[in-house]
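Contents: one structure, followed by commentary.
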Amino acid sequence: MKLQWLTLLLLLMMNAAHAQIATTKHNLSVSGPGTVKATSEPQICIFCHTPHSASAAAALWNRRQPGSTYIPYSSTTAIANPGQPTGSSILCLSCHDGTIALGDILSRTSDITMAGGVTTIPTGATNLSTDLSDDHPISFVYSTSISSSGEYVDPSSLSGPVRLDDSGMLQCTSCHEPHDNSNGKFLVKPAIASQLCTTCHQKTGWNGTPHNLSGKTWNGQGVDPWTTTEWNTVGDNGCENCHQPHSAGSGERLLHFAAEENNCAACHNGNVASQDIMSVVGQFSAHPLTDSTGVHDPTEANIVNNRHVECVDCHNPHAARAGMDPATGALNAIPGVDITGVNVEPITQTYQLCFRCHGDSTNKPAPLTPRQITQTNTRLEFQTANPSFHPVAGSGVNPDVPSLITPLTTASTIGCSDCHNSNAAVSAGGSGPEGPHGSAYEPILVRQYETQDNSSESASNYALCYGCHDRNSILGDQSFSLHDKHIVGERTPCNVCHDPHGISNTQGNSTNNSHLINFDTSVVSAMGMGGMGGDQIQFVDNGRFAGSCTLSCHGEQHMNFSYGGGGGG
């Protein structure tokens, strides 16, 4: 009696599966709805199952196993280490690797003939080939050692539609139910809004990011960013805005495109996201996103010595969000280096991100301006123990800066992006995106900063400086009694005397390098007077608003030339 009930139950299950699969592309019989089907074979299940002469594999398998050697998925960020496919995955691959004819089944002495001369599964998204390096990893034990990383669920929770096999392995059938296509692509649950992906993946910060929540749609211009899905908003596409579980353009991390920036450009070209960042990146001075491909690695050290730049060096797509404070908004959950050279993760200040490449990293290019003291390490330039520095990592050391524009005071600090930003940014009076993506002014400056000697003074030529320092105060000689003479009369740019970042205390001192004094040696030279002391370029701070210079500039010889007063005198 028990055997009869088991037989009846098996028949009922087979009938149910038969009914489900009949209207899907897995029905390869002559009645199948797809273009890949038999010319005359009426049986549906026979392409995978047989009651007799089955292989030793489970499920009365009617196909021989591929003898292929596969290239498994691998990545520097992968915790699992997949080997060769096993279990249900190798059964799926007996069709989907494209090496065995679809009509080649064990229960027939000759292959079933397929329509249109088709033999193996046609080239396309469903033909995975034997190279699985661009496909989601399979046939690995999903253990607590994986979930303990903090961004994956515990394997014990996978008891719903997404399941591990009897060996605790993740297989094709963890995500796909070959008999049921009600969720599309034979998925065990809907993939819309990242529902399937987040069953296992729990990315830190993801729940609050626009990539998860945004209702933005494609405006119909350019290329459709969602050609691999049927969904129409950023939030609905979720993970699949950037990732492709099979046949991805980039094997590591399964991105749509091998060129990292193209995964961002698909939406951030103004056709989905409100701001066209990619056009800004194409400006005269920009972070060179297209100069390298495949160099960035999420596991790389905080100090980047293999110099490159990609969008994801500054932005974490799983955590970036809107916000007034970049460190908790667009730059949220990014690693960096603090002012002392210690790794921080995540950053709490924008400059900590900049120090990754512009601080202690090697192989940096030469400065744009040749200086009396040369320094390319911005972390050293902004030290608060320096003789002078712009107040990025802390308030400045000069208590007398009468030119500061309200609300700035000598106790204020500024950010790197107050100077290095897009000239089209909203903060610059434009309507473009914020951030140092690109600018018309080198080096990625928010406003014009003329450094060429013999340049006329104007509000526009020195707009960067005048964004914080009152032009009337500067030209009124309130802090330096000869500002007007130098800038207007001698047409000497600010940059000739002042080094805008700062002077490291390992190279300069408060006597000679206060007030950001570090001369441009392409303009300023030694007097050439030998033993009279004119064989050096020197500034000496003589106290409040007073000093002296020994140098040659614009044909003028200064030998301990003193000035003082300030205050417009």
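I need a count of the residues in the range 492-515 that are polar (S, T, N, Q) and closer than 14 Å to residue 374 by Cβ.
Counting residues in the range 492-515 that are polar (S, T, N, Q) and closer than 14 Å to residue 374 by Cβ gives 4.
Mind listing just one residue for me: the one in the range 494-510 that is buried (at least 16 other Cβ atoms within 10 Å of the Cβ), under 19 Å from residue 401 (Cα atoms) and not hydrophobic (A, V, I, L, M, F, W, C) and, of those, nearest to the chain's Cα centre (by Cα)? Result: 501.
One residue stands out among those in the range 195-225 that are in contact with a helix residue (DSSP H, G or I) (Cβ under 9 Å, 6 or more places away or on another chain) and hydroxyl-bearing (Ser, Thr, Tyr): the one that is farthest from residue 263 (Cα to Cα), which is 199. The criterion of at least 2 residues that are under 19 Å from the mean Cα position of the chain (by Cα) is met by the following helices (runs of 4 or more DSSP H) wholly inside the range 136-249: 210-213, 234-237. If you take the residues in the range 421-461 that are on the phi > 0 side of the Ramachandran plot and out of contact with any helix residue (DSSP H, G or I) (no Cβ under 9 Å at 6 or more places or on another chain), which one is surrounded by the most Cβ atoms within 10 Å (Cβ to Cβ)? Going through the qualifying residues, I end up with 444.
Tell me, please, whether a residue that is surrounded by fewer than 20 Cβ atoms within 10 Å (Cβ to Cβ) and at pLDDT below 95 can be found in the range 124-131. Checking the range 124-131: at least one residue is surrounded by fewer than 20 Cβ atoms within 10 Å (Cβ to Cβ) and at pLDDT below 95.
Taken together, the criteria exclude residue 74 from residues that are surrounded by 15 or more Cβ atoms within 10 Å (Cβ to Cβ) and either farther than 24 Å from residue 127 by Cβ or at pLDDT 90 or above (or both).
To keep it simple, each residue is scored yes or no on (1) of a type in the set (Val, Ile, Thr); (2) part of a loop (DSSP other than H, G, I, E, B).
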site: 357; (1), (2): no, no
site: 374; (1), (2): yes, yes
site: 399; (1), (2): no, yes
site: 430; (1), (2): no, yes
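Okay, residues lined up against (1) surrounded by 16 or more Cβ atoms within 10 Å (Cβ to Cβ); (2) of a type in the set (Ser, Thr, Tyr); (3) modelled with pLDDT under 95; (4) touching a Lys or Arg at 6+ places or on another chain (Cβ under 6 Å):
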{"position": "181", "(1), (2), (3), (4)": "yes, no, no, no"}
{"position": "186", "(1), (2), (3), (4)": "yes, no, no, no"}
{"position": "192", "(1), (2), (3), (4)": "yes, no, no, no"}
{"position": "199", "(1), (2), (3), (4)": "yes, yes, no, no"}
{"position": "214", "(1), (2), (3), (4)": "yes, yes, no, no"}
{"position": "219", "(1), (2), (3), (4)": "no, no, no, no"}
{"position": "224", "(1), (2), (3), (4)": "no, no, no, no"}
{"position": "227", "(1), (2), (3), (4)": "no, yes, yes, no"}
{"position": "234", "(1), (2), (3), (4)": "yes, no, no, yes"}
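Suppose the filter is over 19 Å from residue 122 (Cα atoms) and over 47 Å from the mean Cα position of the chain (by Cα); does residue 55 pass it? Answer is yes for this residue. Checked against the criterion of being assigned to a loop (DSSP other than H, G, I, E, B), touching a strand residue (DSSP E or B) at 6+ places or on another chain (Cβ under 9 Å) and not hydroxyl-bearing (Ser, Thr, Tyr), the candidates 302, 363 yield just one match: 302. For residue 153, the conditions (1) in contact with a Cys (Cβ under 6 Å, 6 or more places away or on another chain); (2) surrounded by 18 or more Cβ atoms within 10 Å (Cβ to Cβ) are fulfilled apart from (2). Quick check: anything in the range 57-66 crowded, with 16+ Cβ neighbours inside 10 Å and in contact with a Lys or Arg (Cβ under 8 Å, 6 or more places away or on another chain)? There is no residue in the range 57-66 that is crowded, with 16+ Cβ neighbours inside 10 Å and in contact with a Lys or Arg (Cβ under 8 Å, 6 or more places away or on another chain).
Is it the case, given these coordinates, that residue 167 is surrounded by fewer than 18 Cβ atoms within 10 Å (Cβ to Cβ) and either farther than 21 Å from residue 320 by Cα or out of contact with any helix residue (DSSP H, G or I) (no Cβ under 8 Å at 6 or more places or on another chain) (or both)? So residue 167 fits the description; yes. Which of the residues belonging to the range 462-476 are assigned to a loop (DSSP other than H, G, I, E, B), surrounded by fewer than 21 Cβ atoms within 10 Å (Cβ to Cβ) and out of contact with any Ser or Thr (no Cβ under 7 Å at 6 or more places or on another chain)? 467, 468, 476 - these are the residues of the range 462-476 that are assigned to a loop (DSSP other than H, G, I, E, B), surrounded by fewer than 21 Cβ atoms within 10 Å (Cβ to Cβ) and out of contact with any Ser or Thr (no Cβ under 7 Å at 6 or more places or on another chain). Residue 417 fulfils the conditions (1) modelled with pLDDT of 95 or more; (2) of a type outside the set (Lys, Arg); (3) in a loop (DSSP other than H, G, I, E, B) except for a single criterion, (3). Remark: pairs (first residue in the range 541-559, under 18 Å from residue 496 (Cα atoms); second residue charged (D, E, K, R); Cβ separation under 9 Å; 6+ apart in sequence or on different chains) = 547/541; 548/541; 553/490; 554/453; 554/490; 554/491; 556/490.
Here residue 379 passes the criteria (1) more than 30 Å from residue 298 (Cβ to Cβ); (2) touching a Phe, Trp or Tyr at 6+ places or on another chain (Cβ under 6 Å); (3) not β-branched (Val, Ile, Thr) except the one numbered (1). Could you tell me whether any residue of the range 164-180 is out of contact with any Cys (no Cβ under 9 Å at 6 or more places or on another chain), of a type outside the set (S, T, N, Q), touching a residue at least 24 places away in the same chain (Cβ under 8 Å) and closer than 17 Å to residue 231 by Cβ? No.
Could you please let me know if residue 415 is in the same structural domain as residue 394 (by TED's automatic domain parsing), more than 28 Å from residue 524 (Cβ to Cβ), crowded, with 21+ Cβ neighbours inside 10 Å and touching a residue at least 60 places away in the same chain (Cβ under 8 Å)? Answer is no for this residue. The condition (being crowded, with 18+ Cβ neighbours inside 10 Å and within 19 Å of residue 322 (Cβ to Cβ)) is satisfied by just one residue among 268, 256, 243: 268.
Restricting 101, 125, 80 to residues that are within 18 Å of residue 68 (Cβ to Cβ) and either assigned to a loop (DSSP other than H, G, I, E, B) or among the small types (Gly, Ala, Ser) (or both) narrows the list to 101.
The values are calculated or read from the model by the stated rules, or taken from the named source; none is laboratory data. Quantities reported herein were computed from a predicted structural model and do not represent experimental measurements. When we count neighbours, we look across all protein chains shown, and the Cβ atoms used for this are built from the backbone with ideal geometry, even at glycine.
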